[in-house]
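These notes concern the structure reproduced below.
Quick note: the coordinates plus some simple rules give every number you see, no bench work behind them. Nothing here was measured: the structure is a model prediction, and the numbers come from that model. Note that we place each Cβ from the backbone using ideal geometry, even for glycine, and neighbour counts take in every protein chain shown.
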């Protein structure tokens, strides 16, 4: 008798507890439904219509997707531009961040100051940085070409030459590679010292120690940086919008027309919302596939301490 | 034989020890040389921005270029500040950042408490859905969100830029939850025995214990609001509502290649972030480390 009373009291307590749990989670649940799940479903449906936000919303089947793949050269152009940016900038930024971390992973006087200096550029972003680099890269008044001329290189026209605009953006991104450095530093410092001592006993030199001890131990972080770098890289937008020649987004010759910029202009300049949302879903698919590929590949080369997962 | 070999080895070691020291001394010199060279290279753009912002246009175009301005033209800042209307944009940005920090700290600590310290059915599922949403590219929901807000007649108001903050953001909830998990459950139990509700425990116990992570989240949000470009770009049309990013973008449109004014504008927009970084460096780095601790 007493036991049932106690347990029913316990279960009502648990119910109250659970109820409170939902109250605490509710802001996120409501936000998820309103700002993520709802919009996702709506945009999936709208991607099969000719929606233009004001008047029409007719079902047109696969037509947006057909236009995208078969009748919109700018779609392919923007995809190629984005791929170029991702393929060049992600490895360079990853390597750059790792290099900075390896250099800074020492206990010497003043190291904190150097870490601060190396990290500083990465906290700066937005239009201020873009304008700064537009000046640095300007062929007439720019510092970059001046410095190149000191070593006998005749610098390119950067943001005015369609063949060089993306490299200009990539150069700017490498300046901020120190942002990745911190993660590498943390993981470099977590490599157990015994491993190095064991390797030294086996007669390994500096390079071999790095290759056979350090690198395997920090692969999880490298992996993380590559995945997030690629996903982030695919979403590049502002640089193409702001740094376009003559204040013209994507210019010159659409060489800075990145995928999201094309989508943005479709949605907010010509109000072809249905088409833009089809593009958005295709982007979602790309990011999903990238993540899955990365996860699959990681099994072959990411070393997780503590064995299989 | 083996004794001889050992002796030989010891002799070699003796020989090599001082040499190694010398080498490591040179190594240190080399290390500092590399670090200083790289550091200077990375700081050059910022130095050049500052220097250019104080020059006359004539001096900027002169060849060979000067490292420091011959005459310091502080009036460039005055010109940028007035013509660029940066006073207005700074106030707007501070307002947006203030609301952002308040809403994010409030909602994300609240939700994180539920996920960290209360048991309820479906919690695991909800939590993994939340982690999954972090993978969705922001542009996928950007357009339908715009449509939603335009149906609510929220275009050209601050509502689309502020209201969503009160509904939590997955990454920050995750970050705070990781921190809350390190606070012992016994503390919560003790609070309950004293008759405190979860709400009171969240407000009076957890929040004061979580100041480091709150600072991290606050700085992250502030920086995000300060640098927000896409949001104001699509939602704001009136010049009087521009934030600093959009303001600088439009200033850039009017000044084209007047680099001295443009650099003054850039300094105005970037300097507060640099100062924030120097004062609160720990929390910038803390945020990165919490992120680092979550995979591995």
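Before moving on, here are some points about what is shown:
- Spin-label pair residue B:257/residue A:190, simplified geometry with 7 Å Cα→Cβ offset, distance in nm: 5.0 nm
- Residues residue A:112 and residue B:82, FRET efficiency given R0 of 51 Å [Cβ-Cβ distance, rounded to 0.05]: 0.80
- Contour excess over end-to-end distance, with Cα ends at residue A:103 and residue A:34 and 0.36 nm allotted per residue: 20.2 nm
- Prolate/oblate/rounded call for chain A, Cα gyration tensor, a/c under 1.5 rounded: oblate
- Take each residue of peptide B:24-33, count the partner chain Cβ atoms within 10 Å of its Cβ, and average: the result is 1.
- Three-way shape call for the stretch A:170-279 based on the alpha-carbon gyration tensor, with the a/c threshold at 1.5: prolate
- Here the calculated FRET efficiency for residue A:52 and residue B:136, from their Cβ-Cβ distance with R0 = 25 Å, stands at 0.55, rounded to the nearest 0.05.
- Pair residue A:206, residue A:289: separation of 7 Å Cα→Cβ label points (nm): 4.4 nm
- By the helix-only formula, in which each DSSP H run with n ≥ 4 contributes -39500 (n - 2.57) and the sum is divided by residues, chain A has a 222 nm mean residue ellipticity of -21500 deg cm²/dmol.
- Cα-based values for the stretch B:26-99, radius of gyration first and Dmax second, are 18.5, 54 Å.
- When peptides A:74-82, A:117-125 are ranked by their average number of other Cβ atoms within 10 Å per residue, the highest-first order is A:117-125, A:74-82.
- All C-alpha to C-alpha distances of the stretch A:1-108, sorted into 5 Å bins beginning at zero, yield P(r) values of 2, 9, 7, 8, 8, 8, 9, 9, 9, 8, 7, 6, 5, 3, 1, 0 percent in whole numbers.
- Residues residue B:124 and residue B:197, FRET efficiency given R0 of 25 Å [Cβ-Cβ distance, rounded to 0.05]: 0.55
- Modelled spin-label separation between residue B:274 and residue A:269, with each label point placed 7 Å from Cα along the Cα-to-Cβ direction: 3.4 nm.
- Over chain B: helical MRE at 222 nm, DSSP H runs n ≥ 4 each giving -39500 (n - 2.57), nearest 500: -24000 deg cm²/dmol
- Footprinting exposure proxy for B:26, B:226 (fewest neighbouring C-beta atoms within 10 Å first): B:26, B:226
- Listed from fewest to most Cβ neighbours within 10 Å, the set B:124, A:107, A:266 follows the order A:107, B:124, A:266.
- For the protein assembly as shown, the fraction of alpha-carbon pairs lying more than 30 Å apart is 61 percent, rounded to a whole number.
- Cα gyration tensor, the stretch B:82-293 - rounded (a/c under 1.5), prolate or oblate: prolate
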